[in-house]
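A short write-up of the structure that comes next.
The values are calculated or read from the model by the stated rules, or taken from the named source; none is laboratory data. Given the structure is predicted, the values throughout are model-derived calculations rather than measurements. No Cβ is skipped: glycine too gets one built from the backbone with ideal geometry, and neighbour counts run over all protein chains shown. Ligands, DNA and RNA are stripped out before the accessible areas are found, and what is left, the full protein with its side chains, is counted by its heavy atoms. Shrake-Rupley method; radii C 1.70, N 1.55, O 1.52, S 1.80 Å.
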Amino acid sequence: MIAAIGFFDGVHLGHQFLLRQVKAEALQRGLRPAVVTFNQHPLQVVHPGTEPPLLTTPEEKFELLKAYGIEEIVMMDFTHELSLLPARTFMKRLHDNYGIRGLVIGYDHRFGHNREEGFEQYAEYGRELGIEVIQATAYREADKTVSSSAIRALLAEGQLEEANRLLGHPYTLRGIVVEGRHMGRKLGFPTANIRPDTPHKMIAKNGVYAVKVQIDEEEKMRYGMMSIGTRPTLHNGTDQSIEIHLFNFSDMIYGRRLKVDVTRRTRDEQRFASLDDLKARLGQDKEEISRHFEQRLP
């Protein structure tokens with residue numbers, strides 16, 4: 001196998017550029033393209049409490065890597081013991097335990113204890129261990145830094161469309177439908193309240209969004225609108241909730257799992273003077289988001 005090493009949070013355009021290089025190098029040598037990645041963000045182990053929220057859960061990352069043509073994924077637990085391994089020892093483990101015969105190293109990527117070494121040292125270790133080390137070409141956009149941290153910042157600022165562009169696919173939430181307060185149903189807009197799969201997931205800025213939703217493993221994608229926020233008109237609270245109203249759908253789906261592709265941000269969260277005002281605004285949201293999807297239907 002020929003592999004790239006990294007956390008690959010988001011599997012964004014920069015990652016995808018690297019993955020294409022891995023596939024090309026693997027094809028030239030008759031080997032399988034692979035990725036070595038981790039279940040936990042390294043900072044969660046090295047400096048607990050400083051790790052960023054995740055753009056992609058391990059499951060989402062696995063699916064995206066497969067979708068972009070990576071045939072083998074070595075998903076490792078990032079442990080304290082692993083963090084202390086020198087780069088050469090880590091490379092030997094990849095060679096001996098996983099059959100890695102080549103590594104495509106990102107232009108600025110470093111690994112191993114304290115990340116002290118660079119490409120020349122990796123290449124030297126590779127010659128000793130029987131691993132071909134290949135330096136990747138950097139991905140560049142004229143005026144943008146494409147990084148996981150930049151995409152998190154865009155989501156936090158409510159710039160969903162630009163975040164999705166840099167991701168190269170929709171920002172996604174997944175979670176279980178849990179019991180809510182049923183106020184949406186009373187207003188004529190029943191909602192599915194979801195609890196994200198992991199508390200470490202990056203949640204976009206509060207507001208109203210257009211979404212495409214998959215229930216469990218159904219092939220059908222359903223359209224709807226999502227509210228992220230504290231429901232200030234109803235509860236004046238501080239707890240954040242994620243509520244989804246599916247268009248033309250009334251089934252009870254408590255306990256079922258939703259995959260939510262977020263395609264557009266339509267407005268900020270607002271406080272309304274009355275429930276009637278809130279209901280009227282939800283009707284406008286539904287009309288606007290329905291038009292958004294109609295323009296994209298085949």
- Item | Debye intensity ratio in log₁₀ form over the Cα atoms of the stretch 3-78, taken at each q of 0.11, 0.13, 0.19, 0.27 Å⁻¹ | -0.28, -0.38, -0.75, -1.28
- Message: About the Cα centre, and with charges only on the beta carbon of Lys, Arg (+1) and Asp, Glu (-1), how big is the dipole of the chain? Nearest 20 debye, please.
- Response: 580 debye
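When DSSP assigns beta bridges and you keep just the ones with both residues in the chain, what percent turn out antiparallel, to the nearest 5? Mind showing how you got there, number by number?
On the way: 33 of 49 bridges.
Antiparallel bridges make up about 65 percent of those DSSP assigns within the chain.
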- Report the extension gain between M76 and D261 in nm, rounded to one decimal, defined as 0.36 nm multiplied by the number of residues separating them, less their alpha carbon distance. 63.9 nm
- By how many degrees, 0 to 90 and rounded to 10, does the Cα axis of helix 13-29 deviate from the longest principal axis of the chain? 40 degrees
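Give me the percent of accessible area attributable to carbon and sulfur for the stretch 1-61, probe 1.4 angstrom. Each step should come with its number before you reach the end.
Values: 1390 of 2330 Å².
Carbon and sulfur: 60 percent of the exposed surface of the stretch 1-61.
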- Item | Selection from I176, I73, S83 lying farthest towards where the dipole of the stretch 72-177 points positive, charges on Cβ | I176
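Could you compute Rg(Cα) / (2.2 N^0.38 Å) for the chain, with N its residue count? Before the final figure, lay out the partial values.
Details: Rg = 22.1 Å, N = 298, 2.2 N^0.38 = 19.2 Å.
For the chain, the normalised Cα radius of gyration is 1.15.
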- Any idea what angle helix 119-129 forms with the longest principal axis of the chain, computed on alpha-carbon atoms, 0 to 90 degrees, nearest 10? 60 degrees
- Can you tell me the accessible area per residue over the stretch 238-278, all protein chains present, probe 1.4 angstrom, in square angstrom? 57 Å²
- For the chain, what is the mean residue ellipticity at 222 nm derived from helices alone (per DSSP H run of n ≥ 4: -39500 (n - 2.57); sum divided by total residues; nearest 500 deg cm²/dmol)? -10000 deg cm²/dmol
- Note on the structure: So the angle from the long Cα axis of helix 58-67 to the longest Cα principal axis of the chain, reported in degrees to the nearest 10, equals 70 degrees
